[in-house]
1. Apply the membrane-span-like helix rule to chain B: whole DSSP H runs, Cα extent along the own long axis of at least 15 Å, mean Kyte-Doolittle hydropathy at least 0.0. List the helices found.
2. Once you place label points 7 Å from the Cα toward the Cβ at A:Q205 and B:I378, how far apart are they in nm?
3. With just the Cα atoms defining each centre, how far is region B:212-226 from region B:81-140? Give it in Å.
4. Take the alpha-carbon centre of region B:255-292, take the same for region A:87-150, and report the distance between them in whole Å.
5. What residue among A:F81, A:F98, A:F157 shows peak mean-square fluctuation when chain A is described by a Gaussian network model with Cα springs under 10 Å?
6. About the Cα centre, and with charges only on the beta carbon of Lys, Arg (+1) and Asp, Glu (-1), how big is the dipole of chain A? Nearest 20 debye, please.
7. Once amide H atoms are placed 1.01 Å from N in the peptide plane, what residues at a sequence separation of 5 or more from B:R265, or on another chain, have their amide H within under 5 Å of its amide H?
8. Per residue Cα convex hull volume for region A:146-252, in cubic angstrom?
Amino acid sequence: MISIKNLHASIGDKEILRGINLEVKAGEIHAIMGPNGSGKSTLSSVLAGREDYDVTEGEVTFNGKNLLDLSTEDRAREGLFLAFQYPIEIPGVSNINFLRTALNEIRAYHGQEEMAAKDFLALVKEKSKLVELDAKLASRSVNEGFSGGEKKRNEIFQMAMLNPKLAILDETDSGLDIDALRIVATGVNKLKSKDNATIVITHYQRLLDYIVPDFVHILYKGRIVKSGGKELALEMEAKGYDEIKKEFEIAD
Amino acid sequence: MSLVADNKSAVTQTLLDQLQSKSSKVAFMPDAEIISAIRYLEDKGIPNNKHEDYKYCNIEAVLRKEFKSVEQAFNELTNSDIAPLKIDEAINLVVVNGVYSEELSEKMIVKGLTVKSLNELSSTEKALLCSQAKSDTDALIALNTTFSANGLFLQIDKNNIIPMPLHVIYVNSGSANIVTNTRSFINVQANAQATLIESFYNIGSAKVFSNFVGEKFVGENAKLTCHTFQNEGALSYSVNTNQVKINKYSNYSNTTMTLSGELVRNNHNVVLADSNCEAHLNGLFISSGTQQIDNHTLIDHQMPHCESNELYKGIAKDKSAGTFNGKIFVRKDAQKTNAYQSSKNILMSDDATINTKPQLEIYADDVKCSHGTSTGKIDTEALFYLKARGIGEESARKLLLQAFAQELIDKIEIPSLQERVLHLFEKAL
Ligand SMILES: Nc1ncnc2c1ncn2[C@@H]1O[C@H](COP(=O)(O)OP(=O)(O)OP(=O)(O)O)[C@@H](O)[C@H]1O
Ligand SMILES: [Mg+2]
């Protein structure tokens, strides 16, 4: 699905990613954990194509294509989806209009016709149920005035609508109440198939109780310093990052 | 006789000479106003960039450069020229090169509605002319008064509500460079209500300098809802001055949509002359190329318990430029005034500029006034969010700009006008 090799990225002259290696196959769930500021969101932004970062070294192959050569929109059209840690508000653009445009541009990219209005609305109905998103929210402006939890739910609703191959969920659990966490996690699990893959970025085991990862990686100072199975997350939850920090302290 | 005796400005001199030799004498304007207009022009000349109010909008330079010789070769227009400009759900009235055309206008008998030419005014009606647009306040008003064509008078008699919108189509057309001085007077008497659309067009391949002055009166407890639609094209240079006076318990609103024009200068001046009235001024423009679109407003709160609201937005592309200059006076008797003003702008290129200048002068102590301006680039975070969902750069930009403009487009309550604006707006993006 995606293969990241020795990825280095910086902003200005500050290097944030210092050689990331990660291989995710179809059907897998990977969790990325790590202390604040270690570069988790930067990794997802770089993969999604945010232009603020310079990729200085390394390569990323996504379904056989050189991901770094693609524009942000083409990455999405190829099936990459990023659920933002901080979804932004876009006043004046309705969720529905936004999603219809997105869906149809993705379809056009794959040589498919526009989706009929009726089918689109049926899809909206079906997918909003999946994350129990209030139908009213779908017709409002993108994230405008949404509560923190509603914004996160809306991200997963969009994911359900666009049906990506690889979804990167950047702290989708933060800000969700206990019920919402379960609803969102159940939604993500329902969207899971042998043909797609998920990377969940999180600080907490409780999300991983629902979305059970095949692999867990610890990101620290721009590198994956430790990888393991789902038990690694439990270990980190119990012990914290002190050991890791000591072991991998790098002089800046 | 030369109008300008002691050569204040060569441009003014030339223009006035040319107009004087090619225009018929204005009979319907009060003599005193014409005299004071000529004096004002002699004294001040046509404003250039040294004039505070015209700092970014050098009218003199435009005249010098584009209208060195004014042919006044006016084209006649026919119904087929006008048909595409009409609005179905409205009564369409037509003013060609400043002259009200009864022939091209739709004839409909509507209770309480009077439509006629300025030279047909009764003496009481005539006395109203220039009462709001004083010649000695602005050179463009003075120029208009001096050379005014036989424009339009529109009156809604007291206690009448006009059930459909009135659409005035102001269209200019010349076979060589022309200068038009279009004048209109709209009088909404007490307890009357009307919805008005004023559209500005330029047909043909000649350059036009259009100097429009509209006087509007809104009587006690009356309501006038205006829409100004400007789509004059690349050959047009226009100054549109609206002098509005509103009375006790009345409600006046105007939304100006500027979709094209090489130079567009809008002066919208509203006097809230009595208590408990409200004025709402809105505007949206999108400019490209080397266009310049200026909106100047003046809200004059003279009496207590009144409200004013202003919302202006602009999108400037390429090397285009815009200005929003909003003056608010709150006179000492105007206690309990609420006055709000906001100007938001988006620059689509590094070469585009928009200048904003709010000016509040408050002489009363118990008032609520606020103003805010912002000018910036399109929101890159929002752009990234849309692109990250598979939406291409082009359509992402369009979505955001449409969202930016939507609240103003929503203010147009006439469906086919809204459609027309939306269509042109999308095309201009
Ligand atoms: N635009 C930016 N300008 C300057 N520094 C930045 C920028 N973006 C990220 N950084 C820095 O890069 C580092 C990594 O940030 P990032 O957001 O990727 O961390 P994170 O692992 O996602 O943290 P958290 O767990 O708090 O979400 C931080 O030190 C951050 O301050
Ligand atoms: Mg983060």
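1. Values: long enough: B:10-22 (18 Å, -0.21); B:31-44 (20 Å, -0.26); B:393-409 (24 Å, 0.07); B:415-428 (19 Å, -0.31).
Length and hydropathy pass: B:393-409.
2. 4.7
3. So the separation of the two Cα centres works out to 13 Å.
4. Rounded to whole Å, the Cα centres lie 35 Å apart.
5. A:F98
6. So the magnitude is around 620 debye.
7. Counting only residues 5 or more places away or on other chains, the set is B:S238, B:V239, B:N240, B:D294.
8. Convex hull volume per residue, Cα atoms: 123 Å³.
The numbers here are math on the coordinates, done by the rules we state, and not lab data. Note that the structure is predicted; figures quoted are calculated from it, not measured. All Cβ positions, even for glycine, are placed from backbone atoms using ideal geometry, and neighbour counts span all protein chains on display.
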